[in-house]
Amino acid sequence: MNHTTNTSIKKLVIMDVDGVLFKGQFLIHVARYRGALVCIRTALLCFLFNISRISIHDLITRVYACFKGITLEQAQTIYKNITIIKHARETIETLRKHGYKVVLISSGVPDLFVKDLAARLSANAGYGIEVGISDHQLTGEVFGRLFKSDGKKHLIEELLNEHNLTWHNTIVLVDDRNNLDIMHKAGINIGVNAHYAVRKRADYLVDNGNLAEVLNILDIADADTYKTLFAGMRKQFAHSWYQEIRRKFLHILIACVPIFSSLVYYSTQLVLFALLVVYMISECLRINGYSFPMLGSMTRSSIRKPEERGIAYGPVTLVLGASLSILLFPEIIAITVIWIVAFADTAATIIGRNIGNHRIPYNKSKSIEGSMAALIVAFLCGIIYLPLFPSLLAAFFSSFVESLPLRSLDNLLMPVSTGIILLAFGYS
């Protein structure tokens, strides 16, 4: 392996393996090979670790005890078949070309595999846990410092001393809570498919399945490799309004709720509740680095940057707003306010993001043009069923609520508060 010399090293880049470079966990992949019971037990132990019920030492010790008898050849086959994150090798090569020392460190993958992975991806070095091997079989024993809670920190400190660097010169790419202690010390923290604890603390997040995003974060803009890797992604950034169209498509779909409610009221409420439950499960998985089948990828492609670190509540408040509207209000009012949140809020976003040049004084994130679009569309939604004055009342009030700095709460407050206002003025 071609190592970068000490004098040319700018910073030390530490990359975790499981969840960062590997898609999934090495432990889970091996557990699947051992059978359903071992897989379930391993998944449960990983869950207990992620909620701080057991330490990394307990997790690794107990899981590897189940792997006793697996041949080295079988373990190597499993390791070789694990999918690696997109553009890992190109990203590492570019980092090294720009003077970064890249080291892979894992507290769950055997040292011989991590070293092999480092060679495959052109990293400077790789370190993993030591596992017992006898007659070419795993003995179930684990030893070495990396399966201890502070093992990574001590190893990184040795590497920093070796190259006359400090923690300020360290960049860490991590995914789970086993790395929180080094995140606290590192100069730059990047969460890759990160669990919630890491997601909240990370300086940057990479959730797009492309490690080349790290080059964008570190602003290595002059690299030829970077330009190649991001040729397609720049189009995606240039057309970010597609993301809003995907978001607003859900708003438009919610307009169908009054139709279904008039036909099968209880079934409609039950479906809305089921959607909320499934969505919340999907979001809990997403903020912990996992993906719910189909729904997870749709959500991931639609959330805005501020929503990456936690649950995106927009769909929750939208469904709640529709559900409460058909529960609390007469049919005419329910249809009107649901259509207002479906179409007026959508119009405000599309117009505001494309031609909105004048900011609202009390909410700089929204525009006067967007609010005017919301007012006009809300009036058109109201005039279909209501007289002129209540239509104007609903339009002015709902567009005012939409303009407030409520974030996702406007999906709930727009229909419910507008419905209450209409009831208060005696319209039903």
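Readers should treat all values here as calculations from the given coordinates under stated rules, not as data from a laboratory. Note that this is a predicted model, so its numbers are computed, not measured. No Cβ is skipped: glycine too gets one built from the backbone with ideal geometry, and neighbour counts run over all protein chains shown.
For the chain, a Gaussian network of Cα nodes joined below 10 Å ranks Arg199, Arg407, Arg177 by mean-square fluctuation, and the top entry is Arg407.
With all pairs of separate Cα atoms included, region 52-153 yields a Kirkwood hydrodynamic radius of 14.7 Å. Of the listed values (1) 26.4, 87; (2) 21.1, 66; (3) 24.4, 75, identify the label whose number matches Rg and Dmax of the Cα atoms in Å calculated from this model. Read-out taken from this structure: (1). Fully extending the segment from Gln76 to Phe273, taken as 0.36 nm per residue of separation minus the present Cα-Cα distance, adds 66.4 nm.
What FRET efficiency would be calculated for the residue pair Ile368, Thr83, taking the C-beta separation as r and a Förster radius of 56 Å, to the nearest 0.05? Show your work: numbers first, answer last.
On the way: r = 49 Å, r/R0 = 0.87.
It comes out at approximately 0.70.
Which residues in region 169-204 place their backbone N less than 12 Å from a point set 7 Å from the Cα of Cys284 along the Cα-to-Cβ direction? Output list for this probe position: empty. Ranking of Asp203, Asp16 by neighbouring Cβ atoms within 10 Å, starting from the fewest: Asp203, Asp16. Please compare each pair in Lys23/Lys366; Lys11/Lys366; Lys86/Lys366; Lys10/Lys366; Lys23/Lys185; Lys80/Lys152 to a cut-off of 30 Å on the Cα-Cα distance and tell me which ones are over it. Beyond 30 Å: Lys23/Lys366; Lys11/Lys366; Lys86/Lys366; Lys10/Lys366.
Taking θ as phi - 60° and the Karplus parameters 6.51, -1.76 and 1.60, the scalar couplings of region 26-41 work out to 4, 4, 5, 4, 5, 4, 4, 5, 7, x, 4, 5, 5, 5, 5, 4 Hz in sequence order, x denoting glycine and proline. Net charge in the neighbourhood of Val13 (other residues with Cβ under 10 Å of its Cβ; Lys, Arg +1, Asp, Glu -1) is +4.
Amide H to amide H, with H built 1.01 Å from N, Val13 comes under 5 Å of Lys101, Val102, Val103, Ile171, counting only residues 5 or more places away or on other chains. GNM remark for the chain: springs join alpha carbons under 10 Å apart, and the peak mean-square fluctuation among Ser391, Ser365, Ser106 falls on Ser365. Note on region 321-428: Rg/Rh from C-alpha atoms, Kirkwood Rh, equals 0.97.
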